[in-house]
Amino acid sequence: MLRKKPHAVLGLPTGSTPIPMYKELVRLHIKEGLDFSHAIFLNLDEYIGLPKTHSQSYYYYMQQYLFTQVNAKAKNIYIPSGIAKDIEKECAKYEDKIRQVGGIDLQVVGIGTNGHIGFCEPGVSLSIATHKATLAQRTRKDNARFFKGDVSQVPTHAISMGLGTVRKAKKIILMANGQKKSQAIYKMLIEPITTHMPASALRLHNNVTILLDKAAAQKLKKAVAPNIKTNRIHINALTALTVTL
Ligand code: PGA
């Protein structure tokens, strides 16, 4: 994408899953001169209450894994502030910013074990814009591993792009690794589209690629491939399964 369109607008996630992707982007920058100087970066989410300097803030994560390792320009980096005084205003400003830069060309997302995208937790509208999200208890438990296993340290709220925001991106890539994601992957693709499974909203988009390792594809491979009649499914060398919706 960056080679074809150096000014691309990239929506980027955090978490364990995308770390190898950031390592590969850094490698491409160092070894093959991939240029990030014109790209625009928008973060999927940020914890409310954590300053930029907190080692678990998503600002800190992005600096650590990508921005300080490549030639990204600070003026092209947009991450909502988790310590903004007026969170509602910060959310509205973020949506404005996405519009001003011409919309997102490529949005990369992970998926929670409960099917969340960003911090759009089960129950949230499939069209919601950037909003103040309340973290599901399951998400806080899942993320406790980043806070020395202490769930009480995991923030209760975050600013998150909404499913509506994500669905406006021109292209979406969802990545999932590990057996613990296999149930959510199965449900998002096979069961009805529902607010109980936020990731199922991606089926309303016409350009989504899902990259799974073998473990995350487990349930899908056995049960589901024949049911996704309108979609192309193919195996490639890097991942167990790529589903193009
Ligand atoms: P993970 O998080 O990559 O750390 O599993 C994904 C998510 O919660 O969206």
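The values are calculated or read from the model by the stated rules, or taken from the named source; none is laboratory data. Everything quoted here is computed from the prediction, not taken from an experiment. FYI the Cβ positions are ideal-geometry reconstructions off the backbone, even for glycines, and counts take in every protein chain you see.
Worth a mention:
- Residues that are within 16 Å of the ligand (Cβ to nearest atom) and among the basic types (Lys, Arg), drawn from region 184-213: Lys187
- Criterion (away from the ligand (no atom under 15 Å from the Cβ), assigned to a loop (DSSP other than H, G, I, E, B), basic (Lys, Arg) and under 18 Å from Pro51 (Cβ atoms)) met by exactly one of Lys132, Lys85: Lys85
- Residue satisfying condition, being crowded, with 18+ Cβ neighbours inside 10 Å, out of contact with any Cys (no Cβ under 7 Å at 6 or more places or on another chain) and either without any contact (Cβ under 8 Å) to a residue 12 or more places away in the chain or assigned to a loop (DSSP other than H, G, I, E, B) (or both), within set Asn71, Asn114: Asn114
- Within region 1-50, strands (runs of 3 or more DSSP E) holding 2 or more residues that are more than 16 Å from the ligand (Cβ to nearest atom) and surrounded by 13 or more Cβ atoms within 10 Å (Cβ to Cβ): 9-12, 40-43
- Output for region 144-183, where each listed residue is surrounded by 15 or more Cβ atoms within 10 Å (Cβ to Cβ), modelled with pLDDT of 95 or more, more than 15 Å from the chain's Cα centre (by Cα) and within 13 Å of the ligand (Cβ to nearest atom): Ala144, Phe146, Phe147, Val154
- Verdict on Ile159 being in contact (Cβ under 8 Å) with a residue 12 or more places away in the chain, part of a loop (DSSP other than H, G, I, E, B) and of a type in the set (Val, Ile, Thr): no
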